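Student: Questions regarding the structure given below will be posed in turn.
The values are calculated or read from the model by the stated rules, or taken from the named source; none is laboratory data. Everything numeric here is computed off the predicted structure, so don't read it as measured data. Using ideal geometry, Cβ is built from the backbone for each residue, glycine included, and neighbour counts are taken over all protein chains shown.
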Amino acid sequence: MKKRALMTVAAAAVTLLSLTACSGSGSGSSSDGPDNGDKADVTIGVFSGWAEGEASSYVWKQVLEDKGYDVDLETATAGPLFTALSKGQYDATFDVWLPNTHKAYWEKYGDKLEDLGSWYQNAPLTIAVNKDAPIDSLSQLASHAKDFDNTIVGIEPGAGETGVVKDSVIPAYGLDKMNFETSSTAAMLSELKRATKDGDNIVVTLWEPHWAYDAFPLKNLKDPKGALGKPDHIDVVGRDGFTKDYPTLSKWLKNFKFDGKLLANLENKMFNSGADESKYPSIVKKWLAAHPDFEKSLTSK
């Protein structure tokens with residue numbers, strides 16, 4: 001997920017206070033909606049650093065704006081995003097990983113949210129290494145820590161996977177003496193790119209679907225203890241009252257599916273081409289035009 005923020009979130013408190021223009025749970029809107037019973041204004045929360053969520057969000061932004069909706073994308077890390085969604089300050093998000101990765105957030109906020117269904121099945125968390133690394137399993141990592149500069153390169157500190165690695169994987173495999181570096185997905189990918197270029201061993205936290213598996217020679221370490229948990233499914237989740245305010249859109253989203261190969265193709269064009277994020281809308285528009293059957297399927301039910 002080579003991710004670039006859509007907008008900077010300086011702090012959670014500032015983020016929440018600044019979202020006054022977003023529609024609240026069950027609240028009114030200044031717009032009458034796009035002649036189908038829905039409100040027209042839709043604010044989509046996008047997880048910082050998660051390419052599949054950003055790609056699907058841009059797809060839906062394009063599709064919905066073509067149908068008369070007014071769509072805003074707001075980027076935040078997991079904690080602030082779930083908080084804002086639960087308060088009705090975002091209308092929906094496309095990247096909730098259940099039942100494992102976002103379990104803690106779902107337990108805290110789930111009763112204030114609406115799960116609109118899964119659009120991607122079999123999405124595992126992974127620990128990946130370069131394909132020619134001297135190990136094949138997490139059970140070998142501790143004894144080969146020096147081969148990887150005694151470091152596991154992670155993503156955002158607040159990401160669900162970070163918690164799984166910290167609370168489950170590290171203790172399960174005795175990796176507490178290794179450095180677990182967390183900063184951002186972009187930083188992890190930058191380090192992965194550097195290690196690949198220099199021929200160095202590297203171990204990173206990843207997940208599938210992800211374009212990195214197409215861009216770099218990687219292999220997933222086996223997880224014989226099941227510390228990473230079973231594969232998740234990726235769901236669209238709305239704020240409380242979403243279905244009531246968006247009856248037509250809710251129907252479309254409940255039927256939304258994104259084939260893995262199509263998703264990887266779009267992600268590569270968006271995030272692995274060197275394009276600036278200002279180019280994402282035009283990339284997505286062009287990509288949708290080249291996949292008319294997929295675009296039609298999004299709003300045909």
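Student: Scan (1) closer than 21 Å to residue 206 by Cβ; (2) crowded, with 24+ Cβ neighbours inside 10 Å for the single condition residue 148 breaks and write down its number.
Tutor: Here residue 148 meets the rest and fails (2).
Yes/no matrix, rows are residues, columns are (1) assigned by TED's automatic domain parsing to the domain that holds residue 98; (2) crowded, with 17+ Cβ neighbours inside 10 Å; (3) in contact with a strand residue (DSSP E or B) (Cβ under 7 Å, 6 or more places away or on another chain); (4) assigned to a loop (DSSP other than H, G, I, E, B):
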residue	(1), (2), (3), (4)
197	no, no, no, no
200	no, no, no, yes
204	no, yes, yes, no
238	yes, yes, yes, no
243	yes, no, yes, no
248	yes, no, no, no
251	yes, no, no, no
258	yes, yes, yes, yes
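Student: Something else about it: Based on what the data block shows, is residue 117 farther than 26 Å from residue 299 by Cα, assigned by TED's automatic domain parsing to the domain that holds residue 257 and surrounded by fewer than 23 Cβ atoms within 10 Å (Cβ to Cβ)?
Tutor: Details: farther than 26 Å from residue 299 by Cα: no; assigned by TED's automatic domain parsing to the domain that holds residue 257: yes; surrounded by fewer than 23 Cβ atoms within 10 Å (Cβ to Cβ): yes.
For residue 117, the condition - farther than 26 Å from residue 299 by Cα, assigned by TED's automatic domain parsing to the domain that holds residue 257 and surrounded by fewer than 23 Cβ atoms within 10 Å (Cβ to Cβ) - is not met.
Student: Just one of (1) surrounded by fewer than 21 Cβ atoms within 10 Å (Cβ to Cβ); (2) at pLDDT 95 or above; (3) assigned to a strand (DSSP E or B) trips up residue 122, so point out which.
Tutor: It is condition (2) that residue 122 fails.
Student: Of (1) buried (at least 23 other Cβ atoms within 10 Å of the Cβ); (2) part of a loop (DSSP other than H, G, I, E, B), residue 134 satisfies all except one. Which?
Tutor: That leaves (1) as the condition not met.
Student: Here is a follow-up. Under 7 Å between Cβ atoms, at least 6 apart or on separate chains: pull out the pairs that start in the stretch 190-203 with a residue that is within 17 Å of residue 180 (Cβ to Cβ) and end on any residue that is assigned to a helix (DSSP H, G or I) and modelled with pLDDT under 95.
Tutor: The qualifying pairs are 192/212.
Student: Let me ask something else. What single numbered condition from (1) on the phi < 0 side of the Ramachandran plot; (2) within 18 Å of the chain's Cα centre (by Cα); (3) in a loop (DSSP other than H, G, I, E, B) fails to hold for residue 229?
Tutor: (1)
Student: List every residue pair whose Cβ atoms lie under 7 Å apart, where the two residues are 6 or more positions apart in sequence or sit on different chains, the first residue falls within the stretch 85-108 and is under 21 Å from residue 73 (Cα atoms), and the second residue, located anywhere, is among the small types (Gly, Ala, Ser) and in a strand (DSSP E or B).
Tutor: Every condition considered, the pairs that remain are 85/45; 90/45; 91/238; 92/238; 93/45; 97/123.
Student: Continuing with the same structure: Condition (residue is out of contact with any His (no Cβ under 8 Å at 6 or more places or on another chain), part of a strand (DSSP E or B) and aromatic (Phe, Trp, Tyr)) applied to the stretch 147-157: is it met by at least one residue? Give the steps one after another, and end with the answer.
Tutor: Step one: of the stretch 147-157, the residues out of contact with any His (no Cβ under 8 Å at 6 or more places or on another chain) are 147-157.
Next, only the ones that are part of a strand (DSSP E or B) stay: 151-153.
Going one step further and asking which of them are aromatic (Phe, Trp, Tyr), we end up with none.
No; the residues of the stretch 147-157 include none that is out of contact with any His (no Cβ under 8 Å at 6 or more places or on another chain), part of a strand (DSSP E or B) and aromatic (Phe, Trp, Tyr).
Student: Which ones in the stretch 36-61 are of a type in the set (D, E, K, R) and either touching a helix residue (DSSP H, G or I) at 6+ places or on another chain (Cβ under 8 Å) or closer than 20 Å to residue 275 by Cβ (or both)?
Tutor: From the stretch 36-61, those of a type in the set (D, E, K, R) are 38-39, 41, 52, 54, 61; that's our starting set.
Matches in the stretch 36-61: 38, 39, 52, 54, 61.
Student: A follow-up question, please. What are the residues in the stretch 143-173 that are among the small types (Gly, Ala, Ser) and out of contact with any strand residue (DSSP E or B) (no Cβ under 9 Å at 6 or more places or on another chain), if any?
Tutor: Restricting attention to the stretch 143-173, the residues satisfying the condition of being among the small types (Gly, Ala, Ser) are 143, 145, 154, 158-160, 163, 168, 172.
Residues satisfying the conditions are 143, 158, 163, 168, 172.
Student: What's the number of the condition residue 216 fails, among (1) aromatic (Phe, Trp, Tyr); (2) without any contact (Cβ under 8 Å) to a residue 40 or more places away in the chain; (3) over 25 Å from residue 103 (Cα atoms)?
Tutor: Answer for residue 216: the failing condition is (2).
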